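Quick notes on the structure that follows.
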């Protein structure tokens, strides 16, 4: 397989391999027989075909920003990491048609920039957008802050190019908005975490760029008020509501404590905060006027206790930084046990209350860090260690804590993974919460497309 990519891109030396074998948080670290860096789909096809014939496991990897270990090889050193980072071409941007075709190694930020240069918008946005790559984003069906208005990665994908376990290439790079000709293979591969095929390129949807946006940070007395404000924002904002992010007071305390250049701009502290964004296709005050009216009504109804509206692009960016720094800020408080879950939007307040009781039962003094995408039900329910507790001792409770929180999620008919995938971290939990029928269907699909089990072994199933 080394001959396919050449010696310079077939990494054997452990020091050269290290960036591909350890994920950013240090939770997962593996070993690999080889790290291969192909530059074309033909090279990917040849590598996978050889691996399939020899029964060698292939671990596809993008920007190595995954949070559940799905991009990491096992520790036995027999698998090959297949880095897609050199497949980094923007093949086509069709501004008039509202589509673009990009290769798997294009970073999310580069895809956004390509759309912007064409006067269009690719709305998927993640904190890791400077390093995460399109192949990984689609393999995990990433969400982000724009899901409320534009949908997740699956909704933004029109077609795919995929190398199958056999080494064959499926060219599904169609840019049609409607194609009702049988099973939707695109949706099969999006979210499959590299276990069914290797995504090498994608046809993506583009949108008109907003002419104007308005951003506000509101303080709210209760979680029920957050839910009420969301319903009011939906009713008054309709399609102009492009983001509705919520954060607990403790979350913002950590941000302002540990992230330089951040401060809480509202005068009064409150238990909960919401970041609202409205967008308008028309210049001249449409979004700002709508925001003013929405917040005036919310204030009159005593839903919000304080609010600040960004008066400039810089102020809007500073408000967004508060939300986007929530994950980073937790590192300064010691160990953190992460949960990326979703529940029905109307039941988010109930879920958070119930989960808080379980956290206290499992570990007295543990501190929930709650934030997320309220409008699509995605709650990042993270739990920071008690003050003064040993970090390693706390993190040893991960499975017990995660199991307790996931049990609460199940009570509310939710999902144990909203946007990060299953990977290695949640594989056993998936078996607890998926029905036998669902698991059987998934295993049959896996067996049909990857009969030798070479694609990302040990992940998801």
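Taking the alpha carbon gyration tensor of the stretch 334-420, what are the square roots of 5 times its eigenvalues, largest first, to the nearest whole Å?
On the way: eigenvalues 97, 28, 24 Å².
Semi-axis lengths for the stretch 334-420 are 22, 12, 11 Å.
I'd like the distance separating the alpha-carbon centroids of the stretch 59-125 and the stretch 328-376, in whole Å.
So the two Cα centres are separated by 30 Å.
List the residues of the stretch 309-329 whose backbone N lies under 20 Å from a point placed 7 Å from the Cα of residue 257 along the Cα-to-Cβ direction.
321-329
If I model the chain as equal point scatterers sitting on the Cα atoms and use the Debye formula, what is log10 I(q)/I(0) at q = 0.07, 0.11 Å⁻¹?
-0.37, -0.92
How large is the translational diffusion coefficient of the stretch 278-376 in µm² per second when you combine the Kirkwood radius over alpha carbon pairs with Stokes-Einstein at 10 °C and 1.306 mPa s? Don't jump to the answer; show the numbers that get you there.
Numbers: Rh = 16.9 Å.
Translational diffusion coefficient: 94 µm²/s.
Rounded to the nearest 500 deg cm²/dmol, what is the calculated helix-only ellipticity per residue at 222 nm for the chain, with -39500 (n - 2.57) per DSSP H run of length n ≥ 4?
Values: 17 runs with 162 residues, N = 461.
It comes out at -10000 deg cm²/dmol, rounded to the nearest 500.
May I ask you to sort 289, 262 by Cβ crowding, counting other Cβ atoms within 10 Å and putting the fewest first? Mind dumping the intermediate values first?
Working: 289 14, 262 17.
Least crowded to most crowded, the residues run 289, 262.
Return one number: the angle in degrees, 0 to 90 and rounded to the nearest 10, between the long axis of the Cα atoms of helix 436-449 and the longest principal axis of the Cα atoms of the chain.
Helix 436-449 and the main axis of the chain meet at about 40 degrees.
Quote the convex hull volume per residue of the stretch 218-277, based on C-alpha atoms, as a whole number of Å³.
Details: hull volume 4.9 nm³, N = 60.
Dividing the Cα hull volume of the stretch 218-277 by its residues yields 82 Å³.
Using the per-residue mean of other Cβ atoms lying within 10 Å as a proxy for protection, in what order, highest first, do the peptides 434-446, 35-47 fall? If you can, show how the numbers build up before the last one.
On the way: 434-446: 12.2, 35-47: 21.2.
Output ranking for 434-446, 35-47: 35-47, 434-446.
Over the stretch 251-325, what is the mean sequence separation of C-alpha contacts under 8 Å (at least six apart), divided by residue count, expressed as relative contact order in percent? Present the calculation step by step, with values, prior to reporting the outcome.
Details: 37 pairs, mean separation 31.6, N = 75.
The value is 42 percent.
Stick to Cα atoms and the Kirkwood definition of Rh, then tell me Rg/Rh for the stretch 292-451.
Details: Rg = 19.0 Å, Rh = 18.1 Å.
Radius of gyration over Kirkwood radius for the stretch 292-451 works out to 1.05.
Just from the alpha-carbon atoms, what are the Rg and Dmax of the stretch 46-181 in angstroms?
Gyration radius and largest Cα-Cα distance of the stretch 46-181: 15.8, 50 Å.
Taking only the alpha carbons of the stretch 244-318, what extent do you get along each of the three principal axes, in Å, biggest first?
38, 29, 19
Figure the gain on full extension for residue 207 and residue 170 (residue separation times 0.36 nm, minus the Cα-Cα span) and round it to one decimal in nm. Walk me through the numbers on the way to the answer.
Details: separation 37, 0.36 × 37 = 13.32 nm, distance 2.66 nm.
So the extension gain works out to 10.7 nm.
Below 8 Å, C-alpha to C-alpha, sequence gap of six or more: please give me the relative contact order for the stretch 80-176 in percent. All intermediate terms of the calculation are to be shown ahead of the outcome.
Working: 145 pairs, mean separation 18.3, N = 97.
Computed over the stretch 80-176, the figure is 19 percent.
In nm, give the distance between the simple-model label positions of residue 16 and residue 306, each being 7 Å from the Cα along the Cα-to-Cβ direction.
It works out to 5.6 nm between the two label points.
Take the alpha carbon atoms of the stretch 212-235, find their center, do the same for the stretch 236-252, and report the distance between the two centers in whole angstrom.
Cα centres, the stretch 212-235 to the stretch 236-252: 6 Å.
For residue 187 paired with residue 353, estimate the spin-label separation in nm (one decimal), with each label point 7 Å from Cα along the Cα-to-Cβ line.
Those two pseudo-labels are separated by 3.6 nm.
Helix 313-324: angle to the longest alpha-carbon principal axis of the chain, degrees 0 to 90, nearest 10?
That helix lies at roughly 70 degrees to the long axis.
Calculate the FRET efficiency for residue 50 and residue 317 from the Cβ-Cβ distance with a Förster distance of 56 Å, rounded to the nearest 0.05.
Details: r = 48 Å, r/R0 = 0.85.
So the FRET efficiency works out to roughly 0.75.
Quick one: if you take sqrt(5λ) for each eigenvalue of the C-alpha gyration tensor of the stretch 2-83, what semi-axes come out, biggest first, whole angstrom?
On the way: eigenvalues 83, 33, 29 Å².
Value: 20, 13, 12 Å, ordered largest first.
Round to the nearest 0.05 the FRET efficiency obtained for residue 407 and residue 440 when R0 = 22 Å and r is the Cβ-Cβ distance. Please list the in-between numbers first.
Values: r = 23 Å, r/R0 = 1.06.
Here the calculated transfer efficiency is 0.40.
What are the semi-axes of the equivalent ellipsoid of the stretch 105-222, taken as the square roots of 5 times the eigenvalues of the Cα gyration tensor, listed largest first and rounded to whole Å? Write down the numbers at each step before the final one.
Values: eigenvalues 158, 51, 42 Å².
Rounded to whole Å, the semi-axes are 28, 16, 14.
Tell me, what is the percent relative contact order of the stretch 188-287, built from C-alpha pairs under 8 Å that lie six or more residues apart? Could the numbers behind the result be given before it?
Values: 124 pairs, mean separation 44.1, N = 100.
Result for the stretch 188-287 is 44 percent.
How large is Rg over Rh for the stretch 136-280, taking Rg from the Cα atoms and Rh as the Kirkwood inverse mean of 1/r across Cα pairs? Could you put the intermediate results ahead of the total?
Values: Rg = 20.0 Å, Rh = 18.2 Å.
For the stretch 136-280, the value is 1.10.
Using r as the Cβ-Cβ distance of residue 76 and residue 42, and R0 as 41 Å, what FRET efficiency do you calculate, to the nearest 0.05?
Details: r = 29 Å, r/R0 = 0.72.
Working from the Cβ atoms, E equals 0.90.
At each listed q (0.23, 0.24, 0.25 Å⁻¹), what is the log10 of I(q)/I(0) that the Debye formula gives for the stretch 41-98 modelled as equal alpha-carbon point scatterers?
Results for the stretch 41-98 at q = 0.23, 0.24, 0.25 Å⁻¹ read -0.99, -1.03, -1.07.
No value in this document is a laboratory result; all are computed from the given coordinates. Because the structure is a prediction, the values reported are computed rather than measured. Note: ideal-geometry Cβ built from the backbone for every residue, glycine included; neighbour counts use all protein chains shown.
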